[in-house]
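Structure record follows, encoded as structure tokens.
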Amino acid sequence: MKQKKIPMRKCVVTNERVEKRSLFRVVKTPEGNVIFDRSGKANGRGAYVTKSVAVIEKAKKTNALGRHLETEIPDEVFHELLEELTNE
């Protein structure tokens with residue numbers, strides 16, 4: 001039986017390739033807004049961050065997401081990521 005392909009994505013903070021389901025996706029929409037994409041299918045430029053408190057805090061401190069998406073990331077996005085992590 002053929003094995004199902006597991007989608008892999010790269011975390012912009014750690015530069016590790018991991019399964020897509022173990023990452024959060026942050027999107028810069030065509031209108032220029034930055035949102036946390038819970039569905040993983042929102043329209044726009046996406047960046048992935050590992051589901052870890054340390055990695056999310058490092059992303060905020062080093063501005064890795066901001067550099068990747070070429071815009072300033074609002075604090076609400078980081079707050080949403082941490083909140084989603086505690087709810088899982």
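Computed from the coordinates by the stated procedures, all read-outs in this text should not be read as laboratory data. Quick caveat: nothing in here was measured; it's all calculated off a predicted structure. Reconstructed Cβ throughout: ideal geometry from the backbone, glycine too, with neighbour counts over all protein chains shown.
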key: DSSP bridge pairs, segment 8-87: antiparallel proportion in percent, nearest 5   = 95
query = For the chain, what are the per-bin percents of Cα-Cα distances with bins 5 Å wide, up to the bin holding the maximum?
reply = 3, 15, 27, 27, 17, 6, 3, 2, 1, 0
inquiry  = With unit charges on the beta carbons (Lys and Arg positive, Asp and Glu negative) and the dipole taken about the Cα centre of the chain, which residue among T71, T14, N87 sits farthest to the positive side?
reply    = T14
inquiry  = How big is the dipole moment of the chain about its Cα centre under a simple scheme where the beta carbon of each Lys and Arg is +1, that of each Asp and Glu is -1, and everything else is neutral? Debye, nearest 20, please.
reply    = 780
Folded to 0 to 90 degrees: helix 75-87 orientation relative to the chain principal axis, Cα = 40
message = List the lysines whose Cα sits under 22 Å from the Cα of K10, skipping any in the same chain fewer than 8 residues away.
response = K20, K28, K41, K51, K58, K60, K61
task = Measure nothing but the geometry: give the 0 to 90° angle between the long axis through the Cα atoms of 53-62 and the longest principal axis through the Cα atoms of the chain, rounded to 10°.
result = 50
remark   = Burial-style ranking of 14-24, 48-58, average other-beta-carbon count within 10 Å with highest first, yields 48-58, 14-24
